[in-house]
Structures are given as C-alpha cells and as structure tokens.
Amino acid sequence: MDSDSTLELLWGLRAPSTRGPKAAFEVADVAEAAVVIADELGVDAVSMEAVAKKLGYTKMSLYRYVKSKAELLAVMIELGVGEPPDLSRVRGGWRGGARRWTELMWQAWDQHPWLPAVTVGERAVGPNEVGWSVAALSVFTGIGLTRAESVDAVSLLSGHLRNTYAPSAAGSQPWNSQVRADPLLADVMSRAGVAYPALDEIVKGRPVSTNRRAFGLERILDGIEVLLDQR
C-alpha cells in the first residue's frame, strides 16, 4: 500500500481526478457502501467489485475514488469508528473519562464487529482514528503521569478492549466465554487422571460469574491510581 497516498486520501489532501466524466459520487459514498456490506456479510465479503455493484457502477469506475482494496479498507475504518468523543464534560475525573472512552469504543465495535480485525498493525490512519487516540490520551494528561506513562495507559485500555471484546480476539484458555470447560477436554483430563483444583468448578461445569470487561478495566484504573498516590 502507498501509505503517503492513502494518508492524503484520508486527510482530504488528495486532489480530485479531473480525467474522464464528472464524478458520480464521493469517497464517502464508497466507504458507506463498503461498511454496509461488511456489517451485513462480514469484511471478507467486501471487494472492489462488490462495492461497485452496490453503487450501481463498474469495478473500474471505483478506482477513481480508491486505488486499492487497502485504501477501501482505510476509508471504511474511518467511517466505521466515527467521530472521536468529547470527554471534557464526563463526570468522575480521569477514571470516568477512561470508562466512557472504553464504553464508546465497545459500542463502535458492537455496531461494526469487523473493526477489531482490520485495525491492527502499522497502516495509514485518518483523523477519526487519530482523534480517538487523542481523546484517550487526554484522559491521562495532567493527572501526574509522564507522557510515556500516559501512552502506556492508553495501550493498556486498548489491549483490554481487544482481549475482552470477543473470544476470537482474546487469547485461548481452557474454558469458553461462558467460563465452561470443553466437555471433551474435561473427559480427557478425567481419563488421564489429571486434576487441577483451581479449575475444579470450571471443569465440572458449575456456574461461574464473571464480568471480564468491568473487572479488568477497574483493575487497570486501580493500578494507575495506586501509582499516582505513591507520588
């Protein structure tokens, strides 16, 4: 992917093409059509051809607006994440701001479940994505953390988001999202004569109450607060 060119597209710096007939639609229309496809059928169903068909045009006509599948994904992400939140009036101090930012990001991912999978790695990012990061960074600015610690705090929140959003995004464990062990695994462990007391309730299928999102978030915030109190 030509990152420079994609960045210019995302930030509105790419000069519109003057070749050929007058443009029939905008880049935003392309992004919206692609997002609709991804929401309905999954991101794997998104292609230049599928988006062009949804817009009622040919695949070749789409290249006037986005030069590649990578650029198509970039404008989709920018539309999908939406405008960054204004956390300046959120009550509860920096903890309230962190909770609200995390909650809003989860909402964006719930609305567009394909977002976590395509927002990884080094890539071109647009003003909306940057704005979300800045909003999170602002929560930890001026509370006693160094700039590096503020960045690390944002990384902790982002990592927690991914680890608790869906089983497919989290690390594998010997239990499922309902905190129940795989019956086949439990049977094999039993026949192998292997016992793990710490896993007893899970292996035997007893209900275990858990709220990974809230628990993990509050422990992250508790840790930051302890650090601040020590200074």
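For the criterion of being modelled with pLDDT of 95 or more and of a type in the set (Lys, Arg), Lys54 passes. Look through the stretch 1-12, keep the residues that are at pLDDT 90 or above and surrounded by 10 or more Cβ atoms within 10 Å (Cβ to Cβ), and return whichever of them is farthest from Val130 (Cα to Cα). Looking at the filtered set, the residue picked out is Ser5.
Exactly one residue out of Leu115, Leu157, Leu137 is more than 22 Å from Arg219 (Cβ to Cβ) and not aromatic (Phe, Trp, Tyr), and it is Leu115. Here the condition is being closer than 30 Å to Val226 by Cα, among the basic types (Lys, Arg), surrounded by fewer than 13 Cβ atoms within 10 Å (Cβ to Cβ) and at pLDDT below 95; of Arg89, Arg19, it holds for Arg89 alone. Looking across Val36, Val75, one residue alone is in contact with a helix residue (DSSP H, G or I) (Cβ under 6 Å, 6 or more places away or on another chain) and either over 30 Å from Gly144 (Cα atoms) or β-branched (Val, Ile, Thr) (or both). It is Val75.
Listed here are the residues, each with its yes/no results for (1) within 19 Å of Arg99 (Cβ to Cβ); (2) at pLDDT 90 or above; (3) polar (S, T, N, Q); (4) surrounded by 14 or more Cβ atoms within 10 Å (Cβ to Cβ).
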position	(1), (2), (3), (4)
Ala136	yes, yes, no, yes
Arg147	no, yes, no, no
His160	yes, yes, no, yes
Trp175	no, no, no, yes
Asp182	no, no, no, no
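Tally up the residues in the stretch 88-99 that are assigned to a helix (DSSP H, G or I), among the charged types (D, E, K, R) and farther than 18 Å from Ser133 by Cβ, please. Summing the residues that are assigned to a helix (DSSP H, G or I), among the charged types (D, E, K, R) and farther than 18 Å from Ser133 by Cβ in the stretch 88-99 gives 1.
Counting just the residues of the stretch 110-134 that are of a type in the set (A, V, I, L, M, F, W, C) and more than 30 Å from Val226 (Cα to Cα), which one comes out surrounded by the fewest Cβ atoms within 10 Å (Cβ to Cβ)? It comes out as Val120. Scanning the stretch 51-73 for residues that are under 24 Å from the mean Cα position of the chain (by Cα) and in a helix (DSSP H, G or I) gives Val51, Lys69, Ala70, Glu71, Leu72, Leu73.
The values are calculated or read from the model by the stated rules, or taken from the named source; none is laboratory data. Every value quoted in this text rests on a predicted model; they were computed, and no experiment measured them. Every residue, glycine as well, gets a Cβ built from its backbone with ideal geometry; the counts of neighbours run over all protein chains shown.
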